[in-house]
Amino acid sequence: MITEFTVPDETHSPILVWFRKDLRLDDNGALLSAVATGLPMVCVYVREPEHEAVGPLGAAQCWWLHHAIQALDKALQAHGNRLVFKTGKARDVLLALADETGAKAVYLNRLYERDEIDAEILKALHEDGLEVKRFKGQLLHDPHTMRTGSGGPYRVYTPFWKALEADGEPREPADAPETLPAPARFPSSEDLADWQLLPTRPNWAKEFETLWTPGETGALEKLEQFIERPIHSYKADRDFPGLTGSTSHLSAHLAFGEISPARIWHATRGLHSSDHVIHFRKELVWREFCHHLLAAFPKLRTDNWNDRFDAFPWTENDKAFEAWTKGMTGYPIVDAGMRELWRHGYMHNRVRMITASFLIKDLMIDWRRGEAWFRDTLVDADVASNAANWQWVAGSGADASPFFRVFNPILQGEKFDADGDYIKRFVPELSRLPKKYIHRPFEAPVEVLQKAGVTLGKTYPKPVVNHFEARDRALSAYAEVTGKSAQADPRD
């Protein structure tokens, strides 16, 4: 039902609180500042056209978004308010809402990755007579003000970490408000179901709910579970994908702002496992570093940070790319990772590096195709982290891994999934292979394969490339582009 809302007294004009990637009540600067005014609030989420936002939202994140804003709406209702759903250009939607409700101000939290987009929107709002206030809270630092001694942005992670550490402890997070003043009448709102964010035919996200609980409550529960046990062995366990519960699984909650980095940092204070806590904090700060890079180089998603790689001879091998996306490359650790990604909208971090290296260096396929696939299939896709991490593996990014570091998918599997537990979970057709061959089924004797029920080329694919030949091809291409010869580290 569409209702009209008029304000009889301008002194009680509501504030529009524009939610975006800050889907929480806890430690939410815009929300808390609006509450502090004592004025009623109209909370709104705007589904913007793709060309008006920072790129299209991936399919996996559409699933998450549906549940996340549904959870936010329930949380707001429990505090006496609700979420208004709108579709359209943010500028037009907010101006129309201001007319409908009599609002005189718009409060929002800053998203550095869309500063350029927001500048035009906020200018239009201001010119129309609205007070506009932006608040920090999505990062621990301001990427535009944190600078090196020479005045430029940081390009290397370690000095960045040290500079952030030297600044002292981040601010204390602010608790969620107890009540959220509501307007006398709410403006018109769309039905979330009409947005059709959930997959149906087929429902490829059917297993997501077994692993994820989108929303602020799910985020805080994940944090509590992580602090209770996994963080105390984090440094030792985080690289082993076969270990369940060895990482925080907070990345998607962070990507949607269901929990603030300050809240996570604060929760790790006073813990006795100092080495493990520091290692975890460094991962949190790596996210900060990625956003720092994006702020300094807004084209990070599409352009090589190091333009020397612009001449790199990528191949257009659609068949190999499809095999990679489906987890059918013939290399078990790679295939396990890609299948985990499809089934759960997530992939263990160590395996992300292995699969990315395989695409870029074994298959010689442009990192941008991998970045786009991850952006579409990851529930935790983050515009800065996704691009920066792909360029890190490709060797074209800031503080990047050298291109000649070519991960050997066989050795990586044997090192980090020695018993094959991860592979057995996601590549079950290999589960009966003995430990000696589960990472290299193409080397197993025929009788071993038969006993395990494996027929290469039928029940499980033969390798799409010979890793060692592919590695040499990639290194030759690197030498042609850079004029530098290199050898791969056999330990990788």
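Label zone (Thr37, point 7 Å along Cα-to-C-beta; backbone nitrogen cut-off 14 Å) within the range 111-126: 126. Straightening the chain between Glu178 and Leu284 buys 35.3 nm, computed as 0.36 nm per residue apart minus the Cα-Cα spacing.
Taking amide H as placed 1.01 Å from N in the peptide plane, Met41 has its amide H under 5 Å from the amide H of Ile15, Ala182, each at least 5 places away in sequence or on another chain. Between Gln225 and Arg185, the C-beta separation translates, for a Förster distance of 41 Å, into a calculated FRET efficiency of about 0.50. Measuring nothing but how far apart in sequence close Cα pairs (under 8 Å, 6+ apart) lie, relative to its length, the range 5-125 scores a relative contact order of 41 percent.
Normalised by the number of residues in the range 334-462, the mean separation of alpha-carbon contacts (under 8 Å, six or more apart) gives a relative contact order of 19 percent. Net length available on complete extension from Ser150 to Lys162 is 2.7 nm, with 0.36 nm assigned per residue and the Cα-Cα distance removed. Across the range 354-362, computed HN-Hα scalar couplings (Karplus, 6.51 cos²θ - 1.76 cosθ + 1.60, θ = phi - 60°) run 5, 5, 5, 4, 5, 5, 6, 9, 7 Hz from first to last residue, x flagging Gly and Pro. The length gained on full extension between Lys462 and Lys89, counted as 0.36 nm times the residue separation minus their Cα-Cα distance, comes to 129.4 nm. Using the structure shown, list the pairs from Lys206/Lys436; Lys89/Lys361; Lys86/Lys299; Lys21/Lys162; Lys74/Lys299; Lys21/Lys319 with a Cα-Cα distance above 31 Å, or answer none. Distance filter (> 31 Å) returns Lys206/Lys436; Lys89/Lys361; Lys74/Lys299; Lys21/Lys319.
Distance from the C-alpha centroid of the range 324-384 to that of the range 152-179: 30 Å, rounded to the whole angstrom. Mean residue ellipticity, 222 nm, helices only, the chain: the sum of -39500 (n - 2.57) across DSSP H runs of n ≥ 4, divided by residue count and rounded to 500, is -12500 deg cm²/dmol. In degrees, nearest 10, range 0 to 90: what is the angle between the Cα axis of helix 59-78 and the longest Cα principal axis of the chain? So the inclination is approximately 30 degrees. Across the range 167-182, computed HN-Hα scalar couplings (Karplus, 6.51 cos²θ - 1.76 cosθ + 1.60, θ = phi - 60°) run 6, x, 5, x, 4, 6, x, 9, 5, 5, x, 7, 9, 10, x, 10 Hz from first to last residue, x flagging Gly and Pro.
Amide H contacts of Thr87: Arg47, each under 5 Å away and 5 or more positions distant or on a separate chain (H built 1.01 Å from N in the peptide plane; Pro and chain starts excluded).
Here the label points at Leu271 and Asp421, each 7 Å from Cα along the C-beta direction, are separated by 2.0 nm in the simple model. A simple rule links phi to the HN-Hα coupling: the Karplus curve 6.51 cos²θ - 1.76 cosθ + 1.60 with θ = phi - 60°, which for the range 432-445 gives 9, 6, x, 3, 4, 10, 5, 9, 8, x, 5, 9, 6, x Hz, with x for Gly and Pro.
All of the numbers you see were taken from the coordinates with simple rules; none came from a lab. The model shown is predicted, which means the values in this text are computed figures rather than measured ones. Methodologically, a virtual Cβ is constructed for each residue, glycine included, from the backbone with ideal geometry; neighbour enumeration extends over all protein chains shown.
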